[in-house]
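Working notes for the structure below.
Bear in mind these aren't lab numbers, they're just calculated from the coordinates by the rules spelled out. Keep in mind that this is a model prediction, so the values were computed, not measured. As a convention, Cβ positions derive from the backbone with ideal geometry for all residues, glycine included, and neighbour counts pool all protein chains shown.
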Number of protein chains: 2
Amino acid sequence: MLEDAAAELFLEQGYPATSIEQITQRAGVSRNTFFNYFGAKADLLWIDLDQSITALVTALGSPTSGEEGTRLEQLSALILAVAAEHPAARVPWAFSQAELMGTRTDLEASAPARLLALAEAIQAFVAPEEPEFIARTIGSVAVGAIAAGVAAWIAAGVRRERLETYVADALHPALTGFTDLAKGTR
Amino acid sequence: MLEDAAAELFLEQGYPATSIEQITQRAGVSRNTFFNYFGAKADLLWIDLDQSITALVTALGSPTSGEEGTRLEQLSALILAVAAEHPAARVPWAFSQAELMGTRTDLEASAPARLLALAEAIQAFVAPEEPEFIARTIGSVAVGAIAAGVAAWIAAGVRRERLETYVADALHPALTGFTDLAKGTR
């Protein structure tokens, strides 16, 4: 597998020193095969996570009619459903082994586009029911909570619980105030 | 002023095509003078904002004893005090003119280090009174709210209100649930 070959090489010689050619050679596949799966070397840093981000953006972009509750309530349910589907067997090694692999700089560089896409999808999802400024804030705050949940899951080590537990524990208090705001109870 | 010379050049020919030499020449100062004020060209994108981030990190790092309220309550007060001191006369042009200046890519690249530093300072500030996971989540969520407030302030145009208004409106609902959590009311 490309991911396994990449992880090995990143551990052996570091992410910056590893080329796409070395990865495809180790995996025994062609350069074309690599680009069938990944758009760039940095995409290897986001394996599994990118799939879940895409799944969440897709789910937010095609809300099913007839769902119960407000968009804000549906938002939590959608996020936790995607977190529940996230593969538990593999922790994103580019994060958990950032020091050994030398991935920190490239993780930071490749994070904003992903976080912004997620924040904008969340903003658009709640926009029909929230004032524009609040919808934008919910997007930004929810991404902050999701990131904290994912980071805690990664940091928790081999005895970690399921991802959705951490995401739920971060997301719930982060969104409580916005639910109150919508209900006019504060 | 270096900032004015830089803003002119970025508008005329774009951020990527402008060199530090061109900026110092336009401003009539030496290269050494530039590096007395800025560590890199990208620091020009964060004028004023960097000062406020530094002021907030400093304030969070040296809490005055005898303050009333929980750390979480003090946190909002500290953030809003720094927002109130933020210069109102100049909106960060690298953000407001991002399309014209071609600054978006470099803004994204230079944002994570700043947001992480702020999130970590907030986490450390509330850490004495909050569980570790919650302290980390508060850092991440508060930065999301601050970013939404600053973005709304920048986007609001010439009739914008004061920065602290937007930051307060974003921060208050984002932290409500954590206050409830600490009080055990939810």
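Of the residues screened, A:Ala59 is not one that is outside any helix (DSSP H, G or I) and either in contact with a helix residue (DSSP H, G or I) (Cβ under 8 Å, 6 or more places away or on another chain) or over 22 Å from A:Thr176 (Cα atoms) (or both). Give the number of residues within region A:145-186 that are of a type outside the set (A, V, I, L, M), more than 8 Å from chain B (Cβ to nearest Cβ) and not in a helix (DSSP H, G or I). Selection size over region A:145-186: 7.
Just one of (1) β-branched (Val, Ile, Thr); (2) touching a residue at least 12 places away in the same chain (Cβ under 8 Å); (3) closer than 30 Å to B:Pro131 by Cα; (4) part of a loop (DSSP other than H, G, I, E, B) fails for B:Thr64. It is (2). Here the condition is being within 13 Å of chain A (Cβ to nearest Cβ), closer than 30 Å to B:Gln13 by Cα, within 13 Å of the chain's Cα centre (by Cα) and among the small types (Gly, Ala, Ser); of B:Ala98, B:Ala142, B:Ala111, it holds for B:Ala111 alone.
The residue pairs whose first member lies in region A:50-61 and is in contact (Cβ under 8 Å) with a residue 60 or more places away in the chain, whose second member is among the small types (Gly, Ala, Ser) and part of a helix (DSSP H, G or I), and whose beta carbons are closer than 6 Å, counting only pairs six or more residues apart or on different chains, are A:Val57/A:Ala121; A:Leu60/A:Ala121. For region A:76-94, the criterion of being aromatic (Phe, Trp, Tyr) and either without any contact (Cβ under 8 Å) to a residue 60 or more places away in the chain or within 14 Å of chain B (Cβ to nearest Cβ) (or both) is met by no residue. One residue is enough: does region B:97-119 have a residue meeting the conditions surrounded by fewer than 19 Cβ atoms within 10 Å (Cβ to Cβ), part of a helix (DSSP H, G or I) and of a type in the set (S, T, N, Q)? Yes, region B:97-119 contains a residue that is surrounded by fewer than 19 Cβ atoms within 10 Å (Cβ to Cβ), part of a helix (DSSP H, G or I) and of a type in the set (S, T, N, Q). Counting only residues that are of a type in the set (Phe, Trp, Tyr) and in a helix (DSSP H, G or I), region B:15-46 holds 4 of them.
Taking the listed residues B:Ala27, B:Ala42, the one that is more than 30 Å from B:Pro131 (Cα to Cα) and in contact with a Ser or Thr (Cβ under 6 Å, 6 or more places away or on another chain) is B:Ala42, with no other qualifying.
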